[in-house]
1. Looking at (1) open to solvent by less than 10 Å² (accessible area, probe 1.4 Å); (2) away from ligand 1 (no atom under 11 Å from the Cβ); (3) over 23 Å from residue B:205 (Cβ atoms), can you tell me which one residue B:55 breaks?
2. Which of the residues spanning the range A:1-40 are outside any helix (DSSP H, G or I) and within 10 Å of another protein chain (Cβ to nearest Cβ)?
3. Could you check how many residues of the range B:149-198 are in a loop (DSSP other than H, G, I, E, B), within 14 Å of chain A (Cβ to nearest Cβ) and within 16 Å of ligand 1 (Cβ to nearest atom)?
4. Can we say residue B:170 is within 16 Å of ligand 2 (Cβ to nearest atom) and either of a type in the set (Lys, Arg) or modelled with pLDDT of 90 or more (or both)?
5. crowded, with 23+ Cβ neighbours inside 10 Å and closer than 25 Å to residue A:193 by Cα: is that true of residue A:85 in this structure?
6. Suppose we keep only residues that are hydrophobic (A, V, I, L, M, F, W, C) and surrounded by fewer than 23 Cβ atoms within 10 Å (Cβ to Cβ) within the range B:110-122. Which one would you say is modelled with the lowest pLDDT?
7. For the range B:185-200: of the residues being within 16 Å of ligand 2 (Cβ to nearest atom) and of a type in the set (A, V, I, L, M, F, W, C), which is farthest from residue B:83 (Cα to Cα)?
8. Being open to solvent by less than 30 Å² (accessible area, probe 1.4 Å) and at pLDDT 90 or above is the filter; apply it to the range A:88-101 and report the residue that is nearest to the other protein chains (Cβ to nearest Cβ).
Amino acid sequence: MTTLTIAAQDSATMLWREIKHSIRLLRLLIVSAVLVPVVMLLLFDYILGGTLGHGLGAVARGAPYVDYLVPGILMMTVAGGCGPTAINVSMDMTGGFVDRIRTMAVTRGALLAGHVGVSVLRMLVATAAVTGVALLLGFRPQASVADWLAVVGIVAAFSFALAWLSAAIGLVTKSVAGANGSTLPLSFLLPFVSSTFVPADSMPAGVRWFAANQPFTAVVDSLRALLTGSPVGNTAYLALAWCAVIALAGYVWAQAAFRRGTR
Amino acid sequence: MTNLKTRTAVSVNGLRKTYGEKVVLDGVDLSIGEGEVFALLGPNGAGKTTIVRILSTLIPADARTASVMGHDLRREAAAVRNVIGVTGQFSAVDNWLTGEENLLLMGRLLHLPATELRTRAAQLLELFDLVDVARQTPATYSGGMKRRLDIAMTLMGRPRLIFLDEPTTGLDPRSRHTMWLLIRDLRAEGITILLTTQYLEEADQLADRIAVLDRGHIVAEGTPEELKRRVPGAHIRLRFADVASLDEAARELREGTRDDEKLVLRVPNDGGIRSLREVLARLGDDVAVEGLSIHTPDLDDVFFALTGNASKEKSQ
Ligand SMILES: Nc1ncnc2c1ncn2[C@@H]1O[C@H](COP(=O)(O)OP(=O)(O)OP(=O)(O)O)[C@@H](O)[C@H]1O
Ligand SMILES: [Mg+2]
């Protein structure tokens, strides 16, 4: 067997392991990955949506607030997957599994590849499920087939980027609880300080510039444009560029942390 | 293949490991023959786990020479990994996979052929008495079952040398005994075993040779018999109601040291049923014995005999 086929085989084994984990923890995952975004959707649409929708004015282009909201909720669904990924990686580092495989002839990168692969899978499945619920709750997208494909592409790229970043966070935090806490900026803070719920223009001057130009806004704006059938412009490319930057940074950071943590 | 036992499985000279200023291992020499069971005996903080982690390629260290199964530890780490199996001090089973899946995971990571994968897993489940719980996750296992699964995982790849870091710590006497039987079976198969333990009795029961480790130094090495000869022997303590009984017992037994204040007679005795009966028979029914306790040499005795210190961890 060549090194490459062994690497592929080891990564597939780690992928299998992580899929088994996800199945065993399915109930927990459904709550954190699907139920939480759905509750956010309900809270913001039914409870806050009246006022928020009015406040949008021309931005909404006559559509109900739910159409503005759902693309943001989809982005948050992906971001919500960061916690479990960081936790899983951290558990392997602190629980002796990494040491065990390091005394075996296992390809070095396989473990992280498995974590990231299944993390992306989980994020995609969760996003599909939340989309389904949103449709039931009255979300009416105006997207063509090509638009939908672009949406899937951006969601996948964003998932891939955040998965590497979360893996890195899981590697550098010293405990499982720390790993979870350290992903909160990704799953809560950055989504709120973006165009997820309201346009960046409506925010106080102090955060307006940041909110308008940060990567999560680029992702939400591109999804929103694609799903509501409004002009996409170059937001989709901007979003993909951000995803590439985050993925690369996360990858480099994770690899360095893995080398350091297992020396 | 004809003369396996004469080859060396582990050979290290002048092994040193420091963490910052702290010297954890200070010139350790080890030579373990193939097929041998070698016990590293030492208290908390002696450096047992550090030695296991170095020899299993997990952490680097300085040494004049260090080879495992004929491969240089530093330059041929990959070759070393192919022939060793490691069960660490702390459980490294996957708690979200079933017992069987844990074994399959190891087999896949060892690149076993698909046909061998399942037969080997089934074989080990049988051998380690885990068939009934094979489809449950270790969350439902007892400590002993978890430990057995941990070791079974180590054996998936048929390693020729295995490291067992404190395999019985935390197990009840019965599970400990089961573990001893398993380790003897492995030895019978010709697997070389380096195990660490804090219990003299365990090293005595299992090992062909023992090295006593104290704060990074090997303070004694030899067969269990050689070591025990250097340690005060086993004895019993007989307690009496009055000095008259003590006098009479001392007269009857004609050996042992007496403590008149505590009314205790200390008599050399291995604590076996036969030798206990002998003593009691010699005392007869007339001597009133208040109490009897059996004392077997433990780690503290070994350390006291070898270093003049008790085995309590020294904090530097
Ligand atoms: N990463 C580390 N950094 C600093 N000191 C360490 C590190 N690892 C081990 N030590 C120190 O090295 C010494 C030996 O530790 P080691 O774990 O090898 O002991 P041990 O014999 O296995 O003890 P135990 O019976 O408690 O498992 C201890 O004093 C420990 O504090
Ligand atoms: Mg230890």
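1. That leaves (3) as the condition not met.
2. We begin by selecting, within the range A:1-40, every residue outside any helix (DSSP H, G or I); these are A:1-2, A:25.
Those that are outside any helix (DSSP H, G or I) and within 10 Å of another protein chain (Cβ to nearest Cβ): A:1, A:25.
3. So the count comes out to 1.
4. On the way: within 16 Å of ligand 2 (Cβ to nearest atom): yes; either of a type in the set (Lys, Arg) or modelled with pLDDT of 90 or more (or both): no.
For residue B:170, the condition - within 16 Å of ligand 2 (Cβ to nearest atom) and either of a type in the set (Lys, Arg) or modelled with pLDDT of 90 or more (or both) - is not met.
5. Details: crowded, with 23+ Cβ neighbours inside 10 Å: yes; closer than 25 Å to residue A:193 by Cα: yes.
Taking the combined requirement at face value, the residue satisfies it.
6. Kept after step one, since they are hydrophobic (A, V, I, L, M, F, W, C), are these residues of the range B:110-122: B:110, B:112, B:114, B:117, B:121-122.
From what's left, surrounded by fewer than 23 Cβ atoms within 10 Å (Cβ to Cβ): B:110, B:112, B:114, B:117, B:122.
Working: B:110: 95, B:112: 95, B:114: 92, B:117: 96, B:122: 97.
Here the answer is B:114.
7. Just the residues of the range B:185-200 that are within 16 Å of ligand 2 (Cβ to nearest atom), to begin with: B:194-199.
Remaining after also requiring of a type in the set (A, V, I, L, M, F, W, C): B:194-195.
Details: B:194: 14, B:195: 16 Å.
Per the criteria, the residue is B:195.
8. A:100
The values are calculated or read from the model by the stated rules, or taken from the named source; none is laboratory data. As the structure is a computational prediction, the values presented were derived from the model and not from experiment. Here the Cβ is made from the backbone with ideal geometry for all residues, glycine too, and neighbour counts use every protein chain on show. Heavy atoms of the whole protein, side chains included, go into the accessibility calculation; ligands, DNA and RNA do not. Shrake-Rupley method; radii C 1.70, N 1.55, O 1.52, S 1.80 Å.
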